[in-house]
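The values are calculated or read from the model by the stated rules, or taken from the named source; none is laboratory data. Treat the numbers as computed from the prediction; the structure is a model and nothing was measured. Cβ placement follows ideal geometry from the backbone for every residue including glycine, while neighbour counts extend to all protein chains displayed.
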Amino acid sequence: EDLVCFRDIKPAAPHHYLVVPVEHMGNCKTLKPEHVPLVKRMMEVGKAVLQGNNCSDLNDIRMGFHWPPFCSISHLHLHVLAPASQLGFLSRLMYRINSYWFIT
């Protein structure tokens, strides 16, 4: 497959995964309209991994990309967090919906 998924090294939620394309891509600033199917597949993989790990409430999840310069890795990766309701104070800031640094 063209995507891989693994646990984040510093989880911000009980379930925190990164979905990454195998082929190198820059950060989310490099995304173009033709990448919409890729991003949709990344989201589908994230949801499938959550369901495979007994996370049944897909209404309590958060997915998104950190906007440069707020990303530490220059390879496209989608953050998949669940349950979003269990994010701590700092994590709620770091993964705030459609903030200047995190786009959902």
Across segment 12-30, what is the total count of residues that are touching a helix residue (DSSP H, G or I) at 6+ places or on another chain (Cβ under 9 Å) and in a loop (DSSP other than H, G, I, E, B)?
4
Filter segment 59-75 down to residues that are at pLDDT 95 or above and in a loop (DSSP other than H, G, I, E, B) and give me whichever is nearest to Cys5 (Cα to Cα).
Ile61
Return the pairs, sorted by first residue and then second, in which the second residue is loosely packed, with under 14 Cβ neighbours inside 10 Å, the first residue lies in segment 90-104 and is of a type in the set (Phe, Trp, Tyr), the beta carbons are less than 6 Å apart, and the residues are 6+ apart or on different chains.
Trp101/Phe70
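Okay, residues lined up against (1) farther than 17 Å from Ser85 by Cβ; (2) in contact with a Ser or Thr (Cβ under 9 Å, 6 or more places away or on another chain); (3) buried (at least 18 other Cβ atoms within 10 Å of the Cβ):
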| position | (1), (2), (3) |
| --- | --- |
| Asp2 | yes, no, no |
| Ala13 | no, yes, yes |
| Val22 | yes, no, no |
| Met25 | yes, no, no |
| Leu31 | yes, no, no |
| Val45 | yes, no, yes |
| Leu50 | no, yes, yes |
| Asn54 | no, no, no |
| Asp60 | no, yes, no |
